[in-house]
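The values are calculated or read from the model by the stated rules, or taken from the named source; none is laboratory data. Values in this document were obtained by computation on a predicted structure and should not be read as measured data. Counting neighbours? That spans all protein chains shown, and the Cβs are built from the backbone with ideal geometry, glycine included. Ligands, DNA and RNA are excluded from the accessible area calculation, which covers all protein heavy atoms including side chains. Shrake-Rupley method; radii C 1.70, N 1.55, O 1.52, S 1.80 Å.
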Amino acid sequence: MKQKKKWYLKIPNTYIILFGMILFAALLTWVVPAGEFNRVESGGRMLIENGTYHEVDKNPVNLFDIFVSIPKGLQGSAQIIFMILLSSGTFGLINSTGALENAIGIMIKKTQKAHISSNTLIFVITCLFSCLGVIIGPEIQIPFTLVAVSIALGLGYDLLTGVAMVIVGGGVGFSMGPINASVIGTADSISGLPLFSGIGLRTVIWGVTTVVSAFLVLSYAKKVKKNADYSYTKGISTKGLGLSRDISEYKLSKTDKRVLGVFLILFAFLIIGPTWLGWYLDEMSAAFVITAIAVVIVAKLDINIALETFMKTAGAMFGAAMLVGLGRTIQVVMENGHVMDTIIKTISDPLADFGPTVGAILMSLIHGIINFVIPSGSGQAAASMPIMFPVGQLIGMTDQTSILAFQIGAGVMDLIYPTMGSMMAMLGMARVPYGKWVKFVFKVVIAMYLVTWFFLLVAVKINWGPF
């Protein structure tokens, strides 16, 4: 009897999914009324003026326009695409020296000697990525994917466990962190609230969601460790990603220590640069190029071989980089068709008919929907919060609670939407198909909503403020 395929095995290739979404976005430009809000400049950003929505001439996107939007999407994502390629080439160069693998092997060996459970390591590493996410955005976490995957494979887990530590841990840290400049900072500035006000409750929310998400990653990892057939990525090649030797064989040479020193300096600047020096993607890309040159020098690599290694590993990430551009293309199509503001207005208006308790939950869900159209936290804040603040006030919510509803909706769905370029890039680097990721992360998304909704209702109950 022929065995019926499971649903997640029937999900098309990620490229097909994204192209289908691009076509759907183009269809919307033909059937959805075109409209725009007036925008005014404030603090260097263009903000929507509430109550200024008006219809404009339709500009439906035709078939040729769809294909023109693809290179425009790639251009709009150029910074992150080049950072993916350059960081991948740099990590490929570091990996070629064997220093990183030797360090991971020694860490696992010492862990085993100290009788520290590998399950404990998975939990701790996920929490550490959450801490990192509080400081830096998901795009800058992309290069750590290969490190996390190597650790997971070395400990006897699978590809999905490795990438989950980064995406879930780092994603929760970034989205629920109390000092997120792009999400909280932008919303605070729009509303006129003190920057990062409400940090006490938000820190509690971040701590609880971090622990819950780490337990969910660990729960899956333990099942894989117990039975390899449970793995959602069973049968996918791990060649070049895991450890190549028995744990007992690993040791560090002087060259390894020099390479690791360069790596640690890079790691430090990945944190210091964005937080203290105002770095973003261009500066981070430059840091990777400098690191690659430094590795060639300290490891005394043949320059021609080093260049071949760099180009080969960077080239292997072209597919993952393309996914980022295709995700951005969806936004380009909706903007060109003048339907983005119409969609935002349509899903925002019904909130005015509900009270604060139901309205807060619905507001978080609406932000989750908007997040598909505008995956940028700061972009969504600038586009929707000038509308959501007045709506929240009309239904009895404080501005602080409105921001929390926005934070939940704009953050939780980042874990699952294919329009989230950094997530798609990490999945591509870890060789985890999007369909397999959805099967795993769907439970995480549900759990995150339930936990954050509890705190959202608490905020409504205590009239969290003072404004």
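Numbers below:
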item: Using a Förster distance of 25 Å, the FRET efficiency for F454-Q393 (Cβ separation, nearest 0.05); result: 0.60
item: K113 paired with M311, simple spin-label distance in nm, labels 7 Å along Cα-to-beta-carbon; result: 4.3
item: Selection from I344, T357, T329 lying farthest towards where the dipole of segment 257-362 points positive, charges on Cβ; result: T329
item: Karplus 3J(HN,Hα) series, Hz, for segment 427-434 with 6.51 cos²θ - 1.76 cosθ + 1.60 (x for Gly, Pro); result: 4, x, 5, 8, 6, 9, x, 4
item: Gain upon complete extension [I446, V358; 0.36 nm per residue less C-alpha separation]; result: 29.9 nm
item: Overall dimensions of segment 251-326 by Cα: Rg and Dmax, Å; result: 14.5, 44
item: Cα Rg, Dmax, segment 328-467, angstrom units; result: 15.7, 47
item: Karplus-derived HN-Hα couplings along segment 366-371 (A = 6.51, B = -1.76, C = 1.60, θ = phi - 60°), whole Hz, x at Gly and Pro; result: 5, 4, x, 5, 4, 4
item: Net +/- balance of residues flanking V298 in space, Cβ distance below 11 Å, scoring K and R +1, D and E -1; result: +3
item: Across K257/K312; K234/K436; K254/K312; K254/K300, pairs whose alpha-carbon gap is larger than 19 Å; result: K257/K312; K254/K312
item: Accessible carbon and sulfur surface of the chain relative to its total accessible area, %, 1.4 Å; result: 65
item: Additional length obtainable on full extension of the chain from D282 to F64, 0.36 nm per residue less Cα span; result: 75.3 nm
item: Amide H within-cut-off set for R39, under 5 Å, with H built and near neighbours excluded; result: E49
item: Size of electric dipole in the chain: Cβ of Lys, Arg +1 and of Asp, Glu -1, about Cα centre, debye, nearest 20; result: 2320
item: Spherically averaged projected area of segment 24-132 from its Cα convex hull (nm²); result: 13.1
item: Cα-projected label distance for S237 with F267, points at 7 Å along beta-carbon direction, nm; result: 2.9
item: Whole-Hz couplings from phi, Karplus 6.51/-1.76/1.60, listed for segment 285-295; x for Gly and Pro; result: 4, 4, 4, 5, 5, 4, 4, 4, 5, 5, 5
item: Among [x] 58; [y] 47; [z] 41, the entry derived from the coordinates for percent of Cα pairs over 30 Å apart; result: [y]
item: Residue-normalised accessible area of the chain, expressed per residue, 1.4 Å probe, Å²; result: 43
